[in-house]
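Structure first, then comments.
The values are calculated or read from the model by the stated rules, or taken from the named source; none is laboratory data. Fair warning: this is a prediction, and the values are worked out from it, not measured in the lab. Using ideal geometry, Cβ is built from the backbone for each residue, glycine included, and neighbour counts are taken over all protein chains shown.
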Amino acid sequence: MPITFDSPELDQPLDGKLIQFINARVLKNGKFCDDHIWVRDGRIIPGSQVFFDEASLADIQVDCGGKILAPGFIDIQLNGAFNVDFSSFEAGEKSYLEGIAAVRKGLLAHGVTAFCPTVITSSTESYYKVLPLLPRTPGDKDGAAMLGAHMEGPFISFHKRGCHPPEQVKDLTEEYRLDLTRVYGGLDNIAIITIAPEKQHAEKAIDWLTKKGIVCSLGHSSAGWEEGVAGVKAGAKCITHLFNAMASYHHRDPGLIGLLTTQFKRRTEPLYYGIISDGIHTHDSALRLAYKTLPEGLILVTDAIAALGMGDGVHRLGQQSIIVKGHHAILEGTETTAGSVASMPYCIRHFVQAARCSIQEALTAATARPASLLSLANKGNLDVGADADLVLLDDNINILATFIAGKRVYHNTIIES
């Protein structure tokens, strides 16, 4: 007898159990299909193995009620949430670790099963304290996976620093390898580095980091188009929060934005770009423009700060005070936009409306594409062999249940209209 997604039976130990998800619109390859998802020991397995090799029936059948079953969301730019700021170590190590745990747990209600904790431009002393506490961590019942840190600085443009502290913006020298390792204290826990390509020695740094398996993303930059092209040719794979903290598009020099229309030889994948679809950072027209120009490179990011889930008030982003009113966060004493307070479901929902795209396309921008950027073959998809990180949601992008490695880690029976 099938059970529903909110059944208490899913709270029981499931080790070795064969689980079958039925009656769902399954997101595969950017489209919905009428398929069953079979899971055992945290992985998606082929139905043919169950039927023909094992002649088995499912130990548990989960009736998804005709809802959407998608891969878990992946957020590659999350500064913090639930009153926790990944760039702030002021309360000490114990408090910082408790904060990480709270964010990992809280994200499950948003359908986020993996994320890159993001650290803005900070002091070297701060990096030395926080980076060792942000190792790659698998997802489990206690929270979403951490995929490695996104270091948003400090090798950025002083003039396009946004809300980043100006005194901590740094340059690269001929000893760029030492610059990077000395500033961060090590590269082991880093997945992404945002860097301004116009910085002297940036191309060499990008090339070196890329060869070490770190994704370089161009952003917080005054770069012209040629400098952006040079950055991509050096190995950069992404643009950080497109349109924000970069030179505006100009018909004689389109800057980093113009890279969306640029053909790069020998690239086997699109140029990816993060974009914030919160109705504040990026106008709906700009969202549509980006989507129509390079849909296959678009990645939805929240760029959320500690105020996510906390409401209006004064919040922290590194050393800075941020004033939050509604969905708008600004640097105290300025008119500078300072991170987002929108959740991933909100960003997906808004993107569907603003870009006039399908739900399937918006979901793909929060699942398959960030996984591809980070070369994570086992995440962001529901293919055989993939991690069984799943989210069950309705057509309004309300999260009904979240699963990590096939284990239900969150469910919601009260859905807001």
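Which of the residues that make up region 225-243 are in a loop (DSSP other than H, G, I, E, B), of a type outside the set (Ser, Thr, Tyr) and buried (at least 19 other Cβ atoms within 10 Å of the Cβ)? Answer for region 225-243, where residues must be in a loop (DSSP other than H, G, I, E, B), of a type outside the set (Ser, Thr, Tyr) and buried (at least 19 other Cβ atoms within 10 Å of the Cβ): 236, 237, 241, 242, 243.
The rows are residues; the columns are (1) crowded, with 24+ Cβ neighbours inside 10 Å; (2) under 20 Å from the mean Cα position of the chain (by Cα); (3) in the same structural domain as residue 313 (by TED's automatic domain parsing); (4) over 30 Å from residue 273 (Cα atoms).
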residue	(1), (2), (3), (4)
30	no, yes, no, no
56	no, no, no, yes
109	no, yes, yes, no
113	yes, yes, yes, no
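Considering every residue within region 234-252, establish whether at least one is among the β-branched types (Val, Ile, Thr), within 17 Å of the chain's Cα centre (by Cα) and either closer than 28 Å to residue 104 by Cα or at pLDDT below 95 (or both). Yes: one or more hits.
Annotation note: of 217, 321, 285, the sole residue that is assigned by TED's automatic domain parsing to the domain that holds residue 91, outside any loop (DSSP other than H, G, I, E, B) and buried (at least 22 other Cβ atoms within 10 Å of the Cβ) is 217.
Among the residues making up region 260-291, those that are over 28 Å from residue 324 (Cβ atoms) and in contact (Cβ under 8 Å) with a residue 40 or more places away in the chain are 269, 272. Looking only at residues of region 263-282 that are assigned to a loop (DSSP other than H, G, I, E, B) and among the hydrophobic types (A, V, I, L, M, F, W, C), we find that the one that is surrounded by the most Cβ atoms within 10 Å (Cβ to Cβ) is 271.
Would you confirm, using the coordinates I've provided, whether residue 299 is among the aliphatic types (A, V, I, L, M) and within 22 Å of residue 286 (Cβ to Cβ)? Explain how you work it out, then say what you get.
Numbers: among the aliphatic types (A, V, I, L, M): yes; within 22 Å of residue 286 (Cβ to Cβ): yes.
Spelling it out, residue 299 is indeed among the aliphatic types (A, V, I, L, M) and within 22 Å of residue 286 (Cβ to Cβ).
For every residue, the table says whether it meets (1) buried (at least 23 other Cβ atoms within 10 Å of the Cβ); (2) acidic (Asp, Glu); (3) in a loop (DSSP other than H, G, I, E, B).
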position	(1), (2), (3)
125	no, yes, no
164	yes, no, yes
174	no, yes, yes
192	yes, no, no
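If you check residue 380 against the conditions, is it surrounded by 24 or more Cβ atoms within 10 Å (Cβ to Cβ) and either in contact with a helix residue (DSSP H, G or I) (Cβ under 9 Å, 6 or more places away or on another chain) or not aliphatic (A, V, I, L, M) (or both)? Considered against the rule, which asks whether it is surrounded by 24 or more Cβ atoms within 10 Å (Cβ to Cβ) and either in contact with a helix residue (DSSP H, G or I) (Cβ under 9 Å, 6 or more places away or on another chain) or not aliphatic (A, V, I, L, M) (or both), residue 380 comes out as yes.
Looking only at residues in region 144-175 that are of a type in the set (S, T, N, Q) and out of contact with any Pro (no Cβ under 9 Å at 6 or more places or on another chain), the one that is nearest to residue 213 (Cα to Cα) is 173. Checked against the criteria, residue 154 counts as more than 25 Å from residue 267 (Cβ to Cβ) and either modelled with pLDDT of 95 or more or outside any strand (DSSP E or B) (or both).
Regarding residue 316, is this residue surrounded by fewer than 21 Cβ atoms within 10 Å (Cβ to Cβ), assigned to a strand (DSSP E or B) and in contact (Cβ under 8 Å) with a residue 40 or more places away in the chain? Against the criterion (surrounded by fewer than 21 Cβ atoms within 10 Å (Cβ to Cβ), assigned to a strand (DSSP E or B) and in contact (Cβ under 8 Å) with a residue 40 or more places away in the chain), residue 316 qualifies.
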